Each structure stands twice: as structure tokens, then as C-alpha cells.
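A.B. asks: After the C-alpha cells below, expect a handful of questions from me.
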Amino acid sequence: MRYISTRGAAPVLNFGEAMMTGLARDGGLYVPETVPVMMREDIAALAGLPYEDIAYRVMRPFLGDIFSDAEFRSLLTKAYANFGHTARAPLVQLGPNHFLLELFHGPTLAFKDFAMQLIGQMMQAALAKTGERITIVGATSGDTGSAAMEAFRGLANVDLFILYPHGRVSDVQRRQMTTPSEANVHALAMDGDFDDCQARVKDMFNDFAFRDGVRLAGVNSINWARVLAQVVYYFSSALSLGAPYREVSFTVPTGNFGDIFAGYIARKMGLPIAQLVIATNQNDILDRALKSGDYTTNGVKPSISPSMDIQVSSNFERALFDAYGRDGAAVAALMAELKSGGFHISQGALQMLRQTFTSGRCSEDETSATIARTYTETGEILCPHSAVGVKVAAEHLGTTPMITLATAHPAKFPDAVQAAMGTRPGLPPRMADLFDRPERVTRVTNDLGALQALIRERIAR
Ligand SMILES: *Cc1c(COP(=O)(O)O)cnc(C)c1O
């Protein structure tokens, strides 16, 4: 399988290369040249299988010959061994025809573990074959960083540096990043906000001498391997509700558009998905864009669902690429316009996007009210992100079963949950000692040269 850039001007890569590269050199995102379609009977044959077996069959065609079949199976086994639920992604029912897909049973209690645990195993296995080492640098507003730390700690051929905005992540998120004791993972608390952290990481990728010198790789949500790993739970959950003989719909709390784009790929592969509903918080650029055709940024308003507080939804570029008939030059032109504030989506592209996705937004008050109401009505405690999904899903219920993705465990956002429903959600027993473990973190300033020097020095050891 070959991977091409959404901006049409970067080398064509295989799966392993696309995974190691992350962002394409033309600034675009890698997508498969063609998406393999599964026959209806092949989808039906997945019913009842363990999660890892479904993952094997869904992902295998995308990987090419990077791993043998047996190797890939063993990587999947290792990736999901540390989950706190044997179903990995269990479904619970919230109401008539409304189901919640609990994606928070991984080691850091957010859905990002599904992709990060696997990409850690896949990168290490690929590097071990050649003996090469890489340096991964990522910026985080909380969940990506903790998931990456947990996935890469102790891996022999990888150094991981995570930049997070000092003082602006929750205590649980910070401790998940600062308590791993392995020497190859480094938590860096930077002065500034998340956008500053992300900007410094982008600077490092654009400094080709540095990028090549330290063998820089990225694991943020634009990495194709992460999107691919997330396709699997669309299959596993739909199968539980009768797919491929019955259609299902999904509502996805969305920030960078990675998770919902995985649903779009599942549909392209042949999974019968009726509606794919984008749920945004008050940072509603995607909902506005779908309704008006204008993709215009107007500043991030911090919310109680912080992992969805974004200005520019990176993975949306992949959907635009398809909506513009896979015209890389057209996408590159839109992204250039975005630098000065926004762009207008052409009529044809907008039509395609509206046929593919539906959308809704959820205010801060509605998020809190949904947490309280869902607890009273069902006993389920939602994190604020999942609550955004549940509220928007409720506006799209019909005769097709609706699956809302629950993206984090409520204990990861205890203040917002307590404010909404009065009680403080507790951590699962397997992480109850998180607040007793020693922390290890380096304070850094918002200075590219200093950051690069620190990274060079640490990896030289
Ligand atoms: C990352 C994250 C999201 C948003 O996911 P995207 O793939 O960026 O759309 C939603 N909820 C939680 C808890 C997250 O960590």
C-alpha cells in the first residue's frame, strides 16, 4: 500500500515510512492511495472475535510487508495487554437506541491509548530491525502526552520528549506525564500555552537540519498510523450491534478530527455507517464550517472539555482532500489562505462534506447539564468531552442505533465532573497510587534554540 500527501508535493511512502515521518515534507498529511474495501461476508466473519483479532483483520491490508503476520499479531497482543477491560472497548446502553462506546479503559484513561500503545509497539519493532534510533517530540494539552509517555516508556530505540504548557494541564494529566521513571522519556513543562508548545514542535520539524540530525519523528494525531488504529473500534462496536446486517450511526466528540476521520475510513472500507456526527464544544469551527461553508478561525475559548479546544482542526485536511477530488494543489491553496484567517469551501466540496458528516455543538452549560442528567437517568458518569457527544447525539437519534464515543474517563477531569453533578469521580483502583509516585519534569522556556540544545544533549547520553 502506498501513501500520498494531501498537498501533492511530497514523496510517496510505504506504511512504515509514513508512520515514522508523520507530517509530510510539503506540510501535508499522508493518506492511503486507495482504501481497501472489505466484503460483507468478511465483515460478518469478525462478529464475536476478540478485539485484537478484529484489529488484525481490519488493519492488515494497510501495512504492506513491514511486519510478518505473526509479528503483527504479537504487537497487537502487547499493545492492548495493559487495558483494564477484557473487551478493550465495551459498549453500554444509555437509552432507547443510544449506546456509549467506552474508550477509556487504557493505561491513561483516554481513547488516545488505543492508537498510542500500538504505534509505540510498531515503531519499536520496525526500528529494532535496523538498529536505528529516533527522537519523538510532541506537544500536548494533556491527553496525547500522557498516552505517549505510557506507550514509549522503556522502549529501546526511541527517545520521547513531551512539551506541555506549564500550569495548564490537570493534575492527573501532569502526573501521568511526570511519574514514568524510564530514562528515555522526558516531560518538559514550557512557559506559554498549548499553541506555543505546538508552534515550537512545528519549528523543529521545519528545521530540516535538526529534523534529520536527531531523526525526528512525530506521534501527534496527524500520524496516519494513529488514525488507522482508531478505525478498529468502529468495526468492533458496530459488529456488536448487528453490522454488517444492520446500519449504525456514530457521534464523535471532535477536536483535531482524527477520531471521526477514522470513522470515515471505516465507512469507506464497507462498514455500513448511516450518520457520522461531529460533536464540538463552544470551539465550533467544524460545526460552523459545515453549516455555512466558511472555515474561519476566531480564537480558542478555554472550555471544560479542554482536549477539544482547538482553532484549526488538523485532520480536517484529509477530508478536504477527498472533498476536492484529491487535488493536492487545491488543498495547498486552502491551507495557505488559512494562514490569514480562513477560507470558503467550494460548493461541490461542501456538498460532499454535508453528505458525509452531520454536526452539532454543545455549550458549557449544556455539557454540565448532560453530565448531571446522564448520571441521574443511567448511573453512567461522563467526562465533559463524552458529554458533548451525548448531547449532540441526542439530537440525532432515530431508528438506527446511535453509538456515542466516550473519549476519556471522568476521573481525568474531576473538577468539571464534580461541578456538574456534585460528587468527585475516583480513579480506577489500578491507578489509585498515581498521587504518591515521585514526579520528574524539566522546566523550559519558550525558546527554540534552547529546546533543541536540550534535546541534543539528552539523546547524546
Ligand atoms: C483528543 C481528545 C478528543 C478529540 O479527538 P480528536 O481526534 O482530536 O478529534 C476528544 N476527547 C478527548 C478526551 C481527547 O483526549
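The values are calculated or read from the model by the stated rules, or taken from the named source; none is laboratory data. Please read these numbers as outputs of a predicted model, since none were measured by experiment. Backbone-built Cβ (ideal geometry, glycine too); neighbour counts: all protein chains shown. What goes into the accessible areas is simple: the full protein's heavy atoms, side chains included, and nothing from ligands, DNA or RNA. Shrake-Rupley method; radii C 1.70, N 1.55, O 1.52, S 1.80 Å.
A.B. asks: Rounded to the nearest 10 Å², what accessible area does T21 have for a 1.4 Å probe in the complete protein model?
C.D. replies: The accessible area of T21 comes to roughly 40 Å².
A.B. asks: Same structure, new question: What value in Å³ per residue do you get for the convex hull of the alpha-carbon atoms in segment 35-157?
C.D. replies: Considering the Cα atoms of segment 35-157, their hull volume per residue is 145 Å³.
A.B. asks: Sorted by mean Cβ packing within 10 Å, highest first, what order do the peptides 156-167, 84-95 take?
C.D. replies: On the way: 156-167: 20.8, 84-95: 16.4.
Result, highest mean Cβ count within 10 Å first: 156-167, 84-95.
A.B. asks: Can you pull the percent of segment 186-327's accessible area that's carbon plus sulfur, 1.4 Å probe, other chains left in place?
C.D. replies: Details: 1980 of 4010 Å².
That share works out to 49 percent.
A.B. asks: What number, in percent, do you get for the relative contact order of segment 206-274 if the mean sequence gap of Cα pairs under 8 Å and at least 6 apart is divided by its residue count? Working shown, then result.
C.D. replies: On the way: 46 pairs, mean separation 24.3, N = 69.
With pairs under 8 Å counted, the relative contact order is 35 percent.
A.B. asks: Run the numbers on segment 73-118 and let me know its relative contact order in percent, using alpha-carbon pairs under 8 Å that are six or more apart. Provide the component values of the computation, followed by the final result.
C.D. replies: Numbers: 50 pairs, mean separation 16.6, N = 46.
The value is 36 percent.
A.B. asks: Is there a quick way to get the dipole size of segment 62-156? I mean about its Cα centre, with the Cβ of Lys and Arg at +1 and of Asp and Glu at -1; what is the value in debye to the nearest 20?
C.D. replies: Here segment 62-156 has a charge dipole of around 140 debye.
A.B. asks: Separate question: In whole percent, what relative contact order does segment 132-241 give with Cα contacts below 8 Å and a gap of six or more residues? Don't jump to the answer; show the numbers that get you there.
C.D. replies: Details: 154 pairs, mean separation 34.7, N = 110.
Relative contact order of segment 132-241: 32 percent.
A.B. asks: If you place +1 on the Cβ of every Lys and Arg and -1 on the Cβ of every Asp and Glu, how big does the dipole about the Cα centre of the chain come out, in debye to the nearest 20?
C.D. replies: Details: 43 positive and 47 negative charges, 96 e Å.
I would put it at about 460 debye.
A.B. asks: Taking a ≥ b ≥ c as the square roots of the Cα gyration tensor eigenvalues, with a/c under 1.5 meaning rounded and otherwise prolate when a/b beats b/c, else oblate, which class fits segment 181-284? Write out the running numbers ahead of the final one.
C.D. replies: Values: a/c = 2.71, a/b = 2.10, b/c = 1.29.
It comes out prolate by the Cα gyration axes.
A.B. asks: On a C-alpha basis, how far is the centre of segment 68-120 from the centre of segment 1-55 in Å? Whole number, if you could?
C.D. replies: Between the Cα centre of segment 68-120 and that of segment 1-55, the gap is 19 Å.
A.B. asks: Rank Y234, Y375 by accessible area, highest first, at a 1.4 Å probe radius?
C.D. replies: Details: Y234 0, Y375 95 Å².
Correct descending sequence by accessible area is Y375, Y234.
A.B. asks: Moving to a separate point now. Let me spell out the model: positive unit charges on the Cβ of Lys and Arg, negative unit charges on the Cβ of Asp and Glu, origin at the Cα centre of segment 284-418. What dipole size does that give, in debye rounded to 20?
C.D. replies: Computed about the Cα centre, the dipole is about 220 debye.
A.B. asks: Of all GluC sites (Glu not before Pro) in segment 33-142, which ones are in loop regions per DSSP and have a Cβ with at most 14 other Cβ atoms within 10 Å? Could you put the intermediate results ahead of the total?
C.D. replies: Values: sites: E33, E41, E52, E71, E102, E132; in loops: E33, E132.
In loop regions of segment 33-142 (DSSP not H, G, I, E or B), the sparsely surrounded GluC sites (Glu not before Pro) are E33, E132.
A.B. asks: What number comes out for accessible area per residue over segment 343-461 if the probe is 1.4 Å? Units Å², please. Provide the component values of the computation, followed by the final result.
C.D. replies: Numbers: 5670 Å² over 119 residues.
Per residue, segment 343-461 has an accessible area of 48 Å².
A.B. asks: What does the helix-only formula give at 222 nm for the chain: each DSSP H stretch with n ≥ 4 adding -39500 (n - 2.57), the total divided by the residues, and the result rounded to the nearest 500 deg cm²/dmol?
C.D. replies: Details: 19 runs with 205 residues, N = 461.
-13500 deg cm²/dmol, from helical runs alone.
A.B. asks: Still on this structure, I have one more. Keeping all protein chains in position, work out how much accessible area K202 exposes to a 1.4 Å probe, and write it in Å² to the nearest 10.
C.D. replies: Counting only protein heavy atoms, the figure is 120 Å².
A.B. asks: Tell me the GluC sites (Glu not before Pro) within segment 241-349 that lie in a loop according to DSSP and have at most 15 other beta-carbon atoms within 10 Å.
C.D. replies: Numbers: sites: E247, E317, E337; in loops: E247.
Hits after loop and neighbour filter: nothing returned.
A.B. asks: Now a separate question. Where the Cα atoms of the chain are projected onto their three principal axes, how long is each span, largest first, in whole Å?
C.D. replies: 59, 50, 49
A.B. asks: Also: Sorted by average packing, counted as other Cβ atoms within 10 angstrom per residue and highest first, what order do 425-435, 3-13 take?
C.D. replies: Numbers: 425-435: 13.2, 3-13: 19.4.
Descending packing order for the listed peptides: 3-13, 425-435.
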